[in-house]
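Heads up: the structure comes next, in structure tokens.
The values are calculated or read from the model by the stated rules, or taken from the named source; none is laboratory data. None of the values given here were measured: they were computed from a predicted structure. Here the Cβ positions follow ideal geometry from the backbone for every residue, glycine too, while neighbour counts run over all protein chains shown. These accessible areas exclude ligands, DNA and RNA; they are computed on the full protein's heavy atoms, side chains included. Shrake-Rupley method; radii C 1.70, N 1.55, O 1.52, S 1.80 Å.
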Amino acid sequence: MSAEVVSHAVGARSSLKTRRLPKWTPAGVAGAAVVIALLAVYLPGAGGPVLTGIAAALIFLIGLTVLSAAVENGRAARNRLATSLVYAAFVLALAPLLSVAYTLLVKGSDRMSLYFLQVSMNNVSAFDNEGGAYHAIIGTLEQAGIATLITVPLGVLGAIYIVEYGRGRLSMLIRFFVDVMTGIPSIVAGLFILAFWVLIVSPYFNNGRPQYSGFAAALALSVLMLPTVVRSTEEMLRLVPGALREGAYALGIPKWRTILRIVLPTAAPGIVTGVMLAVARACGETAPVILVAFGNPAINFNPFSGGQESLSLFVYDQAGAASKYAPGRAWAAALTLVVLVLALTVAAKLLARRNKLGR
Amino acid sequence: MAKRIEAVNVSAYYGSFRAIDNITMAIEPKSVTALIGPSGCGKSTFLRSINRMHEVLPGAKVGGQLLIDGQNIYDRDIDVTAVRRMIGMVFQRPNPFPTMSIYENVVAGLRLNGVRKKSLLDAACEKALRGANLWNEVKDRLNRPGAGLSGGQQQRLCIARTIAVEPQVVLMDEPCSALDPISTLAIEDLIAELKNEYTIVIVTHNMQQAARVSDRTGFFSIDKTGEPGRLIEYDDTAKIFTNPSVKRTEDYITGRFG
Ligand SMILES: Nc1ncnc2c1ncn2[C@@H]1O[C@H](COP(=O)(O)OP(=O)(O)OP(=O)(O)O)[C@@H](O)[C@H]1O
Ligand SMILES: [Mg+2]
């Protein structure tokens, strides 16, 4: 059988070369699509930028695919279509995020100032443009901090039990309940702490009267954070190769030390990411804080006694307050919250990276 | 220092599956013993039951007796971690600890068993790295990550890590199967040196390697899949490779396997 016969049987082309569109084609088609969409939307006055964007995207998809099918071949056209769809999905997913960040920056920066970060809302009336979020920042830091102190040891130890020790029924049961806990609405967690801690336990420490407190909020946030921490730690521990554990056992290192010194450090960056996800979620929770910390316009450093504000609660208060100055404060507080969570996340990642060896 | 190993009717199970059946063999101190045989015949399983690594897997059990200088390591009152410190193991794939530097990898066994003194650790590190023929290559970068070495260097690092705790027996499960010929040669030279101090058991698929490095060779085989592996013949390496007394050994060694 000659080579010619084989190549005919395979695909009729003996050459590996194929016609390709020039490199700038996608960019060119995109430009053309935008122009056409602008003309088609704005000339008849049919709509605004959103419609233009959608039209341009559709024209781009169809145009590039058709062009590619005509010049190149069917497989290349399908490839270009799929690639474009992936990029489109990426842009679509990113758009709301960017929009939120942009709005937050623009509206939040109006009222944002060092002053805003340094004063509370104590004695600020509806007619004053004073006041700030200091008391709320304190509250968020203390509540989220205490919740993290409670959750991280519990969650990491729980995950270690499930992955390294748990065999059979009990660990299955724990995993099941962790899954169930993941689905608990935050208001339910708040009600649970209200009924259990604020109304039943806290009177013992307060001459028989129920006590709202930042600590109660921290407890409610812990209930919400725990499943996230357990599940993410569990996944990270499972990713640590068994060969590392065996290598350590083969050196005569006891199991608990292997877990503490080999397995946990290897999984640490992932665990930190999981914990920070949980912290971010906790910082944004409002409902349980309203229920059990009640809120407080003044500075309260003591998380164990008396009402306490938090940033998300402050945003909620100000967004609904009957004062023309309140919305500005709400935006500024929202911006503060996002920046705070971002800063915490970056700090945690740097800390986790510092332990790892530089490469 | 080196210890004599005696397996008496050792069987090992994965759940209800019996992977090896009634292995009885004696391994002399300060010798190199090679275990050869077709894939799946239970060489790794047997090796792992010598330092109680087999039972790490869920559902895995060992039956019979394994005597180290006359002491059965499967007795109830035996401290497993002490057994593993005495009987080190090198695995098929190099597995340095990824969060640790070269130095920390080598002294991990000492440090995590409670040795704190810096001077002791430093000395042990250098001795082990020299023993593993790696010192000259890494002495200037002991603080670099262990996972940043080449495959052959990583394997020698794992050997250094193993001999740093001064075991009396070193078990090696296909230590060269992921290495190039030059690294392989380095490790074979190393085995020849280690023999002066340690009892060595090595699993290998490479007949030439078994013939080169070992004093005695054990041939394992299975009748068919699902059956447990058995020790078919165990004798001096020279005898096994020139004049085996069992037909199956000869078939396997000469490549007429079946
Ligand atoms: N983790 C495990 N669970 C269940 N069965 C296993 C496990 N590991 C090995 N086995 C079985 O035990 C038998 C012996 O396996 P072993 O790994 O000891 O073979 P081997 O001789 O080392 O083979 P190879 O030369 O391929 O490494 C095989 O039938 C294998 O399928
Ligand atoms: Mg094996």
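Which one is nearest to the other protein chains (Cβ to nearest Cβ) among residues in the stretch B:222-254 that are of a type in the set (Phe, Trp, Tyr) and away from ligand 1 (no atom under 15 Å from the Cβ)? Talk me through it step by step, then tell me what you get.
Here is the first cut: in the stretch B:222-254, the ones of a type in the set (Phe, Trp, Tyr) are B:234, B:241, B:252.
Now narrow it down to the ones that are away from ligand 1 (no atom under 15 Å from the Cβ): B:234, B:241.
Details: B:234: 25, B:241: 30 Å.
Step by step, filter the stretch B:222-254, then rank; the result is B:234.
Among the numbered criteria (1) more than 14 Å from chain B (Cβ to nearest Cβ); (2) aliphatic (A, V, I, L, M); (3) open to solvent by 10 Å² or more (accessible area, probe 1.4 Å), which one does residue A:236 miss?
Unmet condition: (1).
Can you go through B:209, B:155 and tell me which one is open to solvent by less than 10 Å² (accessible area, probe 1.4 Å) and within 16 Å of ligand 1 (Cβ to nearest atom)?
B:209 is the lone residue from the list that is open to solvent by less than 10 Å² (accessible area, probe 1.4 Å) and within 16 Å of ligand 1 (Cβ to nearest atom).
Can you name the residue in the stretch B:180-217 that is part of a loop (DSSP other than H, G, I, E, B) and more than 16 Å from ligand 2 (Cβ to nearest atom) and, of all such residues, is modelled with the lowest pLDDT?
Going through the stretch B:180-217, the residues part of a loop (DSSP other than H, G, I, E, B) turn out to be B:180, B:195-198, B:204-206, B:214-215.
When the remaining residues are screened for being more than 16 Å from ligand 2 (Cβ to nearest atom), the result is B:180, B:195-198, B:214-215.
On the way: B:180: 82, B:195: 90, B:196: 90, B:197: 88, B:198: 90, B:214: 94, B:215: 94.
Selected residue: B:180.
Being of a type outside the set (S, T, N, Q), under 19 Å from residue A:331 (Cα atoms), touching a Leu at 6+ places or on another chain (Cβ under 9 Å) and assigned to a loop (DSSP other than H, G, I, E, B) is the filter here, so list the residues in the stretch A:268-315 that pass it.
Of everything in the stretch A:268-315, those that are of a type outside the set (S, T, N, Q), under 19 Å from residue A:331 (Cα atoms), touching a Leu at 6+ places or on another chain (Cβ under 9 Å) and assigned to a loop (DSSP other than H, G, I, E, B) turn out to be A:285, A:295.
Quick check on my filter: what residues within the stretch B:28-49 are among the charged types (D, E, K, R), in contact with a strand residue (DSSP E or B) (Cβ under 7 Å, 6 or more places away or on another chain) and more than 9 Å from ligand 2 (Cβ to nearest atom)?
The answer is B:30, and nothing else.
Against the definition (on the phi > 0 side of the Ramachandran plot and away from ligand 1 (no atom under 16 Å from the Cβ)), how does residue B:22 come out, yes or no?
It is false that residue B:22 is on the phi > 0 side of the Ramachandran plot and away from ligand 1 (no atom under 16 Å from the Cβ).
Being open to solvent by 40 Å² or more (accessible area, probe 1.4 Å), more than 27 Å from residue A:349 (Cβ to Cβ) and hydrophobic (A, V, I, L, M, F, W, C) narrows it down to one of A:319, A:287, A:326, so name that one.
A:319
Can you name the number of the only condition in (1) closer than 22 Å to residue B:156 by Cα; (2) at the interface with chain B (Cβ under 8 Å from one of its Cβ atoms); (3) not acidic (Asp, Glu) that residue A:257 fails?
Against the list (1) closer than 22 Å to residue B:156 by Cα; (2) at the interface with chain B (Cβ under 8 Å from one of its Cβ atoms); (3) not acidic (Asp, Glu), residue A:257 comes up short only on (1).
What about residue B:106, is it modelled with pLDDT of 95 or more, closer than 20 Å to residue A:259 by Cα and more than 8 Å from chain A (Cβ to nearest Cβ)? Let's see the steps before the verdict.
On the way: modelled with pLDDT of 95 or more: yes; closer than 20 Å to residue A:259 by Cα: yes; more than 8 Å from chain A (Cβ to nearest Cβ): yes.
In short, yes.
What is the number of the single condition among (1) in the same structural domain as residue A:342 (by TED's automatic domain parsing); (2) within 30 Å of residue A:23 (Cβ to Cβ) that residue A:73 does not meet?
(1)
Evaluate the following for residue A:265: is it within 13 Å of chain B (Cβ to nearest Cβ), in contact with a Ser or Thr (Cβ under 7 Å, 6 or more places away or on another chain) and either outside any helix (DSSP H, G or I) or not acidic (Asp, Glu) (or both)?
Considered against the rule, which asks whether it is within 13 Å of chain B (Cβ to nearest Cβ), in contact with a Ser or Thr (Cβ under 7 Å, 6 or more places away or on another chain) and either outside any helix (DSSP H, G or I) or not acidic (Asp, Glu) (or both), residue A:265 comes out as yes.
Just to be sure, is residue A:150 at pLDDT below 95, among the hydrophobic types (A, V, I, L, M, F, W, C) and open to solvent by less than 70 Å² (accessible area, probe 1.4 Å)?
Against the criterion (at pLDDT below 95, among the hydrophobic types (A, V, I, L, M, F, W, C) and open to solvent by less than 70 Å² (accessible area, probe 1.4 Å)), residue A:150 does not qualify.
Right, residue B:62: touching an Asp or Glu at 6+ places or on another chain (Cβ under 7 Å) and either open to solvent by 10 Å² or more (accessible area, probe 1.4 Å) or within 16 Å of ligand 2 (Cβ to nearest atom) (or both) or not?
yes
Could we say that residue A:122 is assigned to a loop (DSSP other than H, G, I, E, B), modelled with pLDDT under 95 and not β-branched (Val, Ile, Thr) here?
yes
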